[in-house]
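Working notes, structure below.
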Amino acid sequence: MHYNPQRHHRGSIRLKGYDYSSAGAYFVTVCVRNRKHALGSVRNGRVDLSPNGLIVLQAWQYLPQRFPRVTLDAFVVMPDHIHGIIILSGDPPSDNRRDHTRARGTQPGSLPAIMQRLKSLSTQLINKANNTPGQRFWQEDYYEHIVRSDDEMERIRRYIVTNPTRWQD
């Protein structure tokens with residue numbers, strides 16, 4: 001197989017011009033690399049987490065400690081992906097340094113920074129537990145949706161909570 005530079009330079013799926021450090025609710029989905037069923041299994045509409053799935057759950061629960069603006073809402077670990085709602089409150093952190101971005105041009109305290117932390121922390125812990133140093137665990141990007149109303153929030157919560165009952169192996 002030959003290297004194709006176009007294949008590795010995908011465009012962003014983020015809403016152009018939107019400030020992802022803004023207060024609001026965000027529905028996120030992250031998939032395991034190659035959609036491998038590495039996080040658990042679903043039996044009778046109930047998720048049984050694998051050790052990797054437990055690590056991801058702990059990494060998710062850690063986010064408010066690392067990012068004080070974060071409140072976690074509905075969340076589910078599925079065999080090959082996770083769904084969750086992250087709520088950002090208040091103003092983004094002020095950063096008086098000249099460079100206001102971090103790795104990959106990410107603004108501190110923004111949704112992309114939070115997602116980078118979730119993915120990197122869980123990957124590090126999973127690799128340590130499985131003795132697989134340097135292995136990629138997650139797909140390169142993640143899906144996000146800005147939640148714009150209370151009705152939409154309720155629909156998304158219902159979708160997340162009932163996701164295991166719709167799972168088909």
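Starting with the fewest neighbours, write out VAL77, VAL56, VAL70 ranked by other beta-carbon atoms found within 10 Å of each beta-carbon. Please list the in-between numbers first.
Values: VAL77 23, VAL56 28, VAL70 17.
Fewest to most other Cβ atoms nearby, the residues stand as VAL70, VAL77, VAL56.
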message = What does the net charge come to around ASN127 if you take all other residues with beta carbon closer than 13 Å to its beta carbon, with K and R at +1 and D and E at -1?
response = +4
note = Low-density loop GluC sites (Glu not before Pro), the stretch 131-162, at most 13 other Cβ within 10 Å, DSSP non-H/G/I/E/B, are GLU140
Local net charge near ARG158, Cβ-Cβ under 14 Å (Lys/Arg +1, Asp/Glu -1) = -2
key: For TYR159, TYR26, order by how many other beta-carbon atoms lie within 10 Å, fewest first   = TYR159, TYR26
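Just so you know, all these numbers are worked out from the coordinates, no wet-lab data involved. Bear in mind that the values here come from a model prediction, so they are computed numbers and not experimental data. Using ideal geometry, Cβ is built from the backbone for each residue, glycine included, and neighbour counts are taken over all protein chains shown.
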